[in-house]
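What follows is a set of notes on a single structure, which appears directly below.
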Amino acid sequence: MTDTWALEVDRRRCVGNGMCVAVAPEHFTLADGRSAPVTAQVGPSEEVLEAFEMCPMSAITVRDSGGNEIDPTL
């Protein structure tokens with residue numbers, strides 16, 4: 001069974017600097033000046049983790065298939 005991750009962006013926190021789009025364009029896009037996931041579910045990805053780490057507003061949440069938050073900084 002392949003693990004999947006759920007991507008969320010808190011659009012109230014996002015400032016739209018586009019770092020997530022720059023490092024993971026297949027997973028994030030800018031819509032109305034704010035980031036949004038391209039799809040809500042993705043396979044595990046180093047690019048997603050890099051986008052998470054680079055977000056200056058900590059607006060990105062990544063959850064595993066069990067609903068637990070993934071925090072690569074821990």
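Every number in this text was worked out from the coordinates using simple rules, so none of it is lab data. A quick note: this is a predicted structure, and the numbers were derived from the prediction, not measured. Every residue, glycine as well, gets a Cβ built from its backbone with ideal geometry; the counts of neighbours run over all protein chains shown.
Touching a Gly at 6+ places or on another chain (Cβ under 7 Å) and either of a type in the set (F, W, Y) or surrounded by 12 or more Cβ atoms within 10 Å (Cβ to Cβ) (or both), is that true of S35?
Values: touching a Gly at 6+ places or on another chain (Cβ under 7 Å): yes; either of a type in the set (F, W, Y) or surrounded by 12 or more Cβ atoms within 10 Å (Cβ to Cβ) (or both): yes.
The answer is yes for S35.
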Kindly provide the set of residues from the stretch 1-55 that are polar (S, T, N, Q) and within 20 Å of G67 (Cβ to Cβ), ordered by number. T2, T4, T39, Q41, S45
Looking at the stretch 16-46 only, could you name the residues that are within 9 Å of the chain's Cα centre (by Cα) and closer than 18 Å to D3 by Cβ? A24, H27, P37
Pairs returned, first residue in the stretch 26-50 that is in contact (Cβ under 8 Å) with a residue 12 or more places away in the chain, second residue that is exposed (fewer than 11 other Cβ atoms within 10 Å of the Cβ), beta-carbon separation under 7 angstrom, 6 or more apart or interchain, are G43/T2; P44/D3
